[in-house]
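Read the structure below first, then the notes.
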């Protein structure tokens, strides 16, 4: 249906009973977020709050006709709106009393008046599909002094009106952008291979989550690319059967017929096995994992930050920096231990050599001392003989001196 161009611009507004934005045409360009405006709806003249910026009519892409914004709310409109809010609260109290007196299976949700107060709408929920409230209308109409409309809300409509937070942590879809409710069933959950747990598949309204319908079509298209469950696949290790699939990772789980072994392959590999064109990929061993290497040699680290391979410590993350420091400490400790071991071995080797040579030195020294004593005795007897000096300085022999004096 072609939309009537009732204004040069359009703007979104929301009503007190919902946070969802509805678009209306306008000629005003000075409307700001939070301004109160008077609009015409199917329920009559109502007051609403501006919730979006003002857009040019050329940007409107929806095919629905736009109703106009009548005016910005003035002081009279705001006063009437406040009176209507008080009257709506009073109408709920009266309706609750009469429903209790009549024993009707109705749970009241809300009540609101249009701006001129000529009509009041009372919303309720019920466990029954249809409630006979004709007698309630006859009782309430005289007390409320306005045209009365009773509206039965479904579970999703109540959630849309009240609002809330979904299991995803975001505001409910129904209270933000959904304008109509699609039929949701358990087959959508099964199509997406979700665990059939009603507590996790239902929303605050008690019905299946609306978001189950968002990806249902995509799963149907993607699942058609996978081989059916139970299909026999000839792998390099023998015959396996399709036991499971993963749409997101595009992988297939294969199992032996007796479920003694399982293997997971990419979808493209499974298709290659089915066509006989599969080539086994080379598997990289765990010890062949490529790790970053750093040159810690003195030549490479002669510049600034030499202890870190020429790299500033800030370029290491905390874990790598600790590993580098630990490796250096271990290397220093290993060098110190090696030096201590070398000193100990050298000392023991020298002591062993000295012990091996000591008997020979003793014999040589004994012969040398014997020869010296003979020379000294000869010199003492001659009286004028020359003393034999050694590299060690000996004190004069008293016997020699006496011999000279005599």
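The values are calculated or read from the model by the stated rules, or taken from the named source; none is laboratory data. Given the structure is predicted, the values throughout are model-derived calculations rather than measurements. Methodologically, a virtual Cβ is constructed for each residue, glycine included, from the backbone with ideal geometry; neighbour enumeration extends over all protein chains shown.
Look at residue 169 and say whether it is assigned to a loop (DSSP other than H, G, I, E, B), modelled with pLDDT of 90 or more and not assigned by TED's automatic domain parsing to the domain that holds residue 42.
yes
Does residue 94 meet the test of being more than 50 Å from the chain's Cα centre (by Cα), surrounded by 13 or more Cβ atoms within 10 Å (Cβ to Cβ) and not assigned by TED's automatic domain parsing to the domain that holds residue 45?
Criteria met by residue 94.
Would you mind telling me which numbered condition in (1) in a loop (DSSP other than H, G, I, E, B); (2) in contact with a helix residue (DSSP H, G or I) (Cβ under 8 Å, 6 or more places away or on another chain) residue 120 fails?
(1)
Only residues that are surrounded by 14 or more Cβ atoms within 10 Å (Cβ to Cβ) and over 26 Å from residue 190 (Cβ atoms): list them for segment 261-280, please.
269, 272, 273, 278
Given (1) part of a helix (DSSP H, G or I); (2) more than 30 Å from the chain's Cα centre (by Cα), identify the lone condition not met by residue 190.
Here residue 190 meets the rest and fails (2).
Can you confirm whether residue 147 is at pLDDT 85 or above and either buried (at least 17 other Cβ atoms within 10 Å of the Cβ) or under 14 Å from residue 212 (Cα atoms) (or both)?
no
Just need a number here: residues in segment 44-76 that are out of contact with any strand residue (DSSP E or B) (no Cβ under 7 Å at 6 or more places or on another chain) and assigned to a loop (DSSP other than H, G, I, E, B).
Total satisfying the criteria: 7.
Taking the conditions exactly as written (surrounded by 12 or more Cβ atoms within 10 Å (Cβ to Cβ) and farther than 17 Å from residue 212 by Cα), does residue 101 satisfy them or not?
Against the criterion (surrounded by 12 or more Cβ atoms within 10 Å (Cβ to Cβ) and farther than 17 Å from residue 212 by Cα), residue 101 does not qualify.
Yes/no per residue for (1) assigned to a helix (DSSP H, G or I); (2) on the phi > 0 side of the Ramachandran plot; (3) modelled with pLDDT under 90:
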| residue | (1), (2), (3) |
| --- | --- |
| 78 | yes, no, no |
| 88 | yes, no, no |
| 92 | yes, no, no |
| 99 | yes, no, no |
| 104 | no, no, no |
| 116 | no, no, yes |
| 131 | no, no, yes |
| 141 | yes, no, yes |
| 151 | no, no, yes |
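So that you can scan it fast, the table gives a plain yes or no per residue for (1) surrounded by fewer than 14 Cβ atoms within 10 Å (Cβ to Cβ); (2) not in a strand (DSSP E or B):
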{"position": "219", "(1), (2)": "no, yes"}
{"position": "226", "(1), (2)": "no, yes"}
{"position": "233", "(1), (2)": "no, no"}
{"position": "249", "(1), (2)": "yes, yes"}
{"position": "259", "(1), (2)": "yes, yes"}
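Hey, among the residues in segment 167-198 that are in contact with a helix residue (DSSP H, G or I) (Cβ under 7 Å, 6 or more places away or on another chain), farther than 30 Å from residue 119 by Cα and in contact (Cβ under 8 Å) with a residue 24 or more places away in the chain, which one's surrounded by the most Cβ atoms within 10 Å (Cβ to Cβ)?
That would be 188.
Do any residues in segment 29-46 that are assigned by TED's automatic domain parsing to the domain that holds residue 68 and modelled with pLDDT under 85 have Cβ atoms under 8 Å from those of residues that are surrounded by 13 or more Cβ atoms within 10 Å (Cβ to Cβ) and in a strand (DSSP E or B), where the two are at least six apart or on different chains, and which pairs are they?
29/9; 43/119; 43/121; 44/119
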